[in-house]
Amino acid sequence: MLKKFYIKTFGCQMNEYDSDKISDLMQSVNFVRSETLEDVDCIIFNTCHIREKATEKVYSDIGKIKKLNRSKKKPIFVLAGCIAQAQGEEIFKRTNYVDIVVGPQSYHRLPEQIKNFAERKENFSDTNFELIEKFDTLDNLKSSRKSKTSEFLTIQEGCDKFCSFCVVPYTRGAEFSRSFNSIINEAKKLSDNGVREIVLLGQNVSAYKFIDGNKTYKLANLIDEISKINSIYRIRFTTSHPNDMDQELIEAFKYQKKLMPQLHLPIQSGSNKILKLMNRKHTREYYLDLIARFKEANSKIEFSSDFIIGFPGEEEQDFQDTLDIINKVNFINSYSFIYSQRPGTPAVDRDQILLDICKDRLMKLQTLLGDIQINNSKKLIGKKIEVLVENKTKTVGQFFGRSKFMHSIFFNSENSNPGDLVDIEITSYNSKNLFGILQKEEVLV
């Protein structure tokens, strides 16, 4: 008899990928996914621990669901992901609504855990690091989900960098690379299911390194092999650390036409002093030289980044150094946040900067980033851009797609379909999106 489950994803692209795999696992044991909480037998929260607000949002949502279900039969409640890994059995002390706690490296055992809980009604926590077992299980998993035009594909997990602000080494463990063949096989399955763009994922994706006998495979090798799949039009990867960018990967942006000329390369701060306090293990000069090397390989490449504002020790000159590097690189898009203390990280006990100062700096930085994005959008007016169609919107006749540089583009069409490559002439823009006119009612591929 089919049962229903509901899953909610918090946080990063890796969690989105994991949630899709959890859905496949659940459906393999006769659960069907529900888009609402109505009469579900199991609720799964796949959580993020990267910032304090993300953690508190999870517990707030648990409280809301608990109130909604007071008069109904309680569903089995699973807390998965990085909060589960970081807090373990402490979660049972904080809330009595959670039944199963499962870390990001243990969710492949979730069907068994749910079955055991249903029989014994005993809380259970599983936060072991067993990545080989996890990926072996997922490699043999069949999916009944309808694939999207663009899909994530995890190739690497964990991080060995130990930035002083980051919880990833503690929640995802040490760097681990999946086998080369298993990744290629999954890419082929995605292609067969209609996927036209693959985004290779990892906490430190550029550190991918798989040794098979006397052969060593790195990220550039993966990109080359996936590019041989005819129905895959575009390849991207995220997120990278500047210190792991080898020359083979840089050169891939020169010769590999399916590798999109847009790179997300977090720097976090433009100040050498703050970079050292963050334990980033590189300088601003190294970062700028790396940008130059990419541009030498491909003059059209564009960059996005991450910035942490108000890191302990950040003075006004350090902040100005960050604004300076933004102006030098001209990032087309970036993510920026006020520093959030994370328990267990080296920076947690350092003196904090006043919140009002942090908010003021964040506003100035985001204004600069926004102005750069607007100026870049202005330059695209009247230009023709190749767009990969991702979906039809709720507006009649309107479609959504992305450019090679990850611009979000809306346009009208009578016969476009997800997966089509089309030419769009840009006619207008707002702070986040571009709008345009389809040049011909025919596809490029």
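The values are calculated or read from the model by the stated rules, or taken from the named source; none is laboratory data. Model, not experiment: these values are computed from the prediction. Quick reminder, even Gly has a Cβ in these numbers, built from the backbone with ideal geometry, and neighbours come from all protein chains shown. With ligands, DNA and RNA removed, areas are computed over all heavy atoms of the protein, side chains included. Shrake-Rupley method; radii C 1.70, N 1.55, O 1.52, S 1.80 Å.
Taking L369 as meeting all but one of (1) surrounded by 13 or more Cβ atoms within 10 Å (Cβ to Cβ); (2) touching a Gly at 6+ places or on another chain (Cβ under 9 Å); (3) hydrophobic (A, V, I, L, M, F, W, C), write down the number of the exception.
Condition not satisfied by L369: (2).
Would you mind telling me which numbered condition in (1) open to solvent by less than 50 Å² (accessible area, probe 1.4 Å); (2) under 18 Å from T239 (Cα atoms) I326 fails?
(2)
Hey, K273 hits all of (1) touching an Asp or Glu at 6+ places or on another chain (Cβ under 9 Å); (2) over 28 Å from Q247 (Cα atoms); (3) assigned to a helix (DSSP H, G or I); (4) charged (D, E, K, R) but one; which does it fall short on?
Checking K273 against (1) touching an Asp or Glu at 6+ places or on another chain (Cβ under 9 Å); (2) over 28 Å from Q247 (Cα atoms); (3) assigned to a helix (DSSP H, G or I); (4) charged (D, E, K, R), the one that fails is (2).
Are any residues in segment 13-33 open to solvent by less than 60 Å² (accessible area, probe 1.4 Å), of a type outside the set (S, T, Y) and part of a helix (DSSP H, G or I), and if so, which ones?
Residues satisfying the conditions are M14, N15, D18, D20, K21, I22, D24, L25, M26, Q27.
For a quick check of your reading of the model, give me the residue pairs whose first member lies in segment 397-414 and is modelled with pLDDT of 95 or more, whose second is among the acidic types (D, E), with beta-carbon atoms closer than 7 Å and at least 6 apart or on different chains.
If the second residue must be among the acidic types (D, E), the pairs left are F400/E390; G401/E390; R402/E390; S403/E386; K404/E386; F405/E302.
Does K73 satisfy the criteria of being without any contact (Cβ under 8 Å) to a residue 12 or more places away in the chain, outside any loop (DSSP other than H, G, I, E, B) and more than 25 Å from G158 (Cα to Cα)? Spell out the reasoning first.
Details: without any contact (Cβ under 8 Å) to a residue 12 or more places away in the chain: yes; outside any loop (DSSP other than H, G, I, E, B): no; more than 25 Å from G158 (Cα to Cα): yes.
Against the criterion (without any contact (Cβ under 8 Å) to a residue 12 or more places away in the chain, outside any loop (DSSP other than H, G, I, E, B) and more than 25 Å from G158 (Cα to Cα)), K73 does not qualify.
Consider K64 against the criteria (1) at negative phi; (2) open to solvent by less than 50 Å² (accessible area, probe 1.4 Å); (3) within 27 Å of the chain's Cα centre (by Cα): it satisfies all of them except one. Which criterion is unmet?
(2)
Tell me yes or no: at least one residue of segment 286-296 is at negative phi, in contact (Cβ under 8 Å) with a residue 40 or more places away in the chain and outside any helix (DSSP H, G or I). Give the steps one after another, and end with the answer.
Step one: filter segment 286-296 for residues at negative phi, giving 286-296.
Those left that are additionally in contact (Cβ under 8 Å) with a residue 40 or more places away in the chain: 286-288, 290, 293-294.
With the extra rule that they be outside any helix (DSSP H, G or I), the set shrinks to none.
Checked against the condition, which is being at negative phi, in contact (Cβ under 8 Å) with a residue 40 or more places away in the chain and outside any helix (DSSP H, G or I), segment 286-296 yields no hits at all.
Taking the stated definitions as given, is S377 in contact (Cβ under 8 Å) with a residue 40 or more places away in the chain, open to solvent by 70 Å² or more (accessible area, probe 1.4 Å) and closer than 30 Å to R51 by Cβ?
Details: in contact (Cβ under 8 Å) with a residue 40 or more places away in the chain: yes; open to solvent by 70 Å² or more (accessible area, probe 1.4 Å): no; closer than 30 Å to R51 by Cβ: yes.
Judged against the criteria, S377 is not a match.
Scan segment 327-338 and give yes if some residue there is more than 25 Å from K432 (Cβ to Cβ) and at pLDDT 95 or above, otherwise no.
The first filter runs over segment 327-338 and keeps only residues more than 25 Å from K432 (Cβ to Cβ), leaving none.
No: segment 327-338 contains no residue that is more than 25 Å from K432 (Cβ to Cβ) and at pLDDT 95 or above.
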